Amino acid sequence: MRKKIVAGNWKMNLDYSEAKALLHDLIKLKGKFGKDVEVVICPSSPYLAVFAELIKDQNWLHLGAQNAYFEDSGAFTGEISPIQLKSLGIKYCLVGHSERRDNFNEDYALLAKKVKALIAHDITPVFCCGEQLQVRDSNVYREFVMKQIEDSLFGLPAPEIAKCVIAYEPIWAIGTGKTATAEQAQEIHGLIRARLTSTFGEKIANEVPILYGGSCKGDNAKELFSQKDIDGGLIGGASLKADEFCAISNSFV
Ligand code: 13P
């Protein structure tokens, strides 16, 4: 059975004391999060080392980074390597979030290298894809998302693709309060699963969790997560409130 995952992307929010307060609020809710759900938080990088210490006894809660570079070490000022993340026990890392594609010009080839490097160091890449509003409106969104996935992920051998998580995040739904309908999200998730099946076979395709992201909240998660190819959520704004994030983790039917 595929993993169910609820991952909080805290983005560039919260100062250190606010971030620690949110972590403590989450820990207080231990036992209230969804059963059999992998709960992941992705705080800003400077907090990862302390957070790793603070949650070392919390085996239900996992850490993810928001970004990593593909080289192991060297003269890459400002970057963080998968080896460094691994040395802190970080389990997940976001790759290709639309905010990084747009603001930092991350292209398909760069993202392919990042995914490969993370897998080489046993960190699960959470590969983000999704179309802008004008792409949705021009009706080529299906091809657009498939190309994002094929160009950055389909060069991997089958055993490595099985180690990835994919997150479909339509850009028009991110931070806008305008979530995709369950049908809109399932359409793309189903296409991704079908493309994984035709390229890597059914067994591998059925192992890859596909998360939805974009204004996912406590009051719409249940409908989204009830879809057959939606295996959880990558949550932005709503992950900054412990109760709401916990409610989302309890939205699997
Ligand atoms: P929101 O949940 O705030 O729309 O953000 C989604 C997102 O970008 C998660 O990576």
Inset, instruction - Could you grab the pairs with beta carbons closer than 6 Å, sequence gap of 6+ or different chains, first residue in segment 217-238 and farther than 24 Å from Pro43 by Cα, second one assigned to a strand (DSSP E or B) and within 12 Å of the ligand (Cβ to nearest atom)? - result: Leu224/Tyr212
Inset, instruction - Name every residue in segment 122-152 that is under 21 Å from Lys86 (Cα atoms) and touching a residue at least 40 places away in the same chain (Cβ under 8 Å), in order of residue number. - result: Ile123, Thr124, Pro125, Val126, Phe127, Cys128
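On the basis of being crowded, with 22+ Cβ neighbours inside 10 Å and under 23 Å from Arg101 (Cβ atoms), does Ala205 make the cut?
Numbers: crowded, with 22+ Cβ neighbours inside 10 Å: yes; under 23 Å from Arg101 (Cβ atoms): no.
Taking the combined requirement at face value, the residue does not satisfy it.
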Legend entry - helices (runs of 4 or more DSSP H) completely within segment 107-199 that count 1 or more residues being within 18 Å of the chain's Cα centre (by Cα): 108-120, 141-153, 158-161
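Go through Ala221, Ala194 for me and flag whichever is within 25 Å of Ile27 (Cβ to Cβ) and modelled with pLDDT of 95 or more. Steps first, please.
Working: Ala194 fails: within 25 Å of Ile27 (Cβ to Cβ).
None of the other options fit; the residue is Ala221.
Determine, yes or no, whether Pro170 is touching a Gly at 6+ places or on another chain (Cβ under 6 Å) and either within 19 Å of Met146 (Cα to Cα) or away from the ligand (no atom under 14 Å from the Cβ) (or both). Lay out the reasoning, then the answer.
Values: touching a Gly at 6+ places or on another chain (Cβ under 6 Å): yes; either within 19 Å of Met146 (Cα to Cα) or away from the ligand (no atom under 14 Å from the Cβ) (or both): yes.
Spelling it out, Pro170 is indeed touching a Gly at 6+ places or on another chain (Cβ under 6 Å) and either within 19 Å of Met146 (Cα to Cα) or away from the ligand (no atom under 14 Å from the Cβ) (or both).
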Inset, instruction - Please state which of the following conditions Ile248 fails to meet, knowing it meets all the rest: (1) more than 16 Å from the ligand (Cβ to nearest atom); (2) buried (at least 17 other Cβ atoms within 10 Å of the Cβ); (3) among the hydrophobic types (A, V, I, L, M, F, W, C); (4) part of a helix (DSSP H, G or I). - result: (1)
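Every residue, every condition in (1) of a type in the set (Ser, Thr, Tyr); (2) at pLDDT 95 or above; (3) surrounded by fewer than 14 Cβ atoms within 10 Å (Cβ to Cβ), yes or no:
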position	(1), (2), (3)
Ile41	no, yes, no
Ser44	yes, yes, no
Phe51	no, yes, no
Ile55	no, yes, no
Leu61	no, yes, no
Gly64	no, yes, no
Ala68	no, yes, no
Glu71	no, yes, no
Phe76	no, yes, yes
Inset, instruction - Please indicate, with yes or no, whether at least one residue in segment 192-209 is in contact with a Cys (Cβ under 8 Å, 6 or more places away or on another chain) and within 14 Å of the ligand (Cβ to nearest atom). - result: no
Legend entry - Leading residue by the ranking (farthest from the ligand (Cβ to nearest atom)) among those in segment 136-167 that are of a type in the set (Asp, Glu) and farther than 18 Å from Gly201 by Cβ: Glu143
Inset, instruction - Would you check if there is a residue in segment 226-234 being in a helix (DSSP H, G or I), surrounded by 20 or more Cβ atoms within 10 Å (Cβ to Cβ) and more than 16 Å from the ligand (Cβ to nearest atom)? - result: no
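I'd like the full set of residues that are in a helix (DSSP H, G or I), closer than 20 Å to Asp72 by Cβ and either within 12 Å of the ligand (Cβ to nearest atom) or not hydroxyl-bearing (Ser, Thr, Tyr) (or both), limited to segment 83-106. Walk me through how you get there before you give the answer.
Of all residues in segment 83-106, those in a helix (DSSP H, G or I) come to 83-87, 98-103.
Now narrow it down to the ones that are closer than 20 Å to Asp72 by Cβ: 83-87.
Those that are in a helix (DSSP H, G or I), closer than 20 Å to Asp72 by Cβ and either within 12 Å of the ligand (Cβ to nearest atom) or not hydroxyl-bearing (Ser, Thr, Tyr) (or both): Ile83, Gln84, Leu85, Lys86.
The values are calculated or read from the model by the stated rules, or taken from the named source; none is laboratory data. Quantities reported herein were computed from a predicted structural model and do not represent experimental measurements. Here the Cβ is made from the backbone with ideal geometry for all residues, glycine too, and neighbour counts use every protein chain on show.
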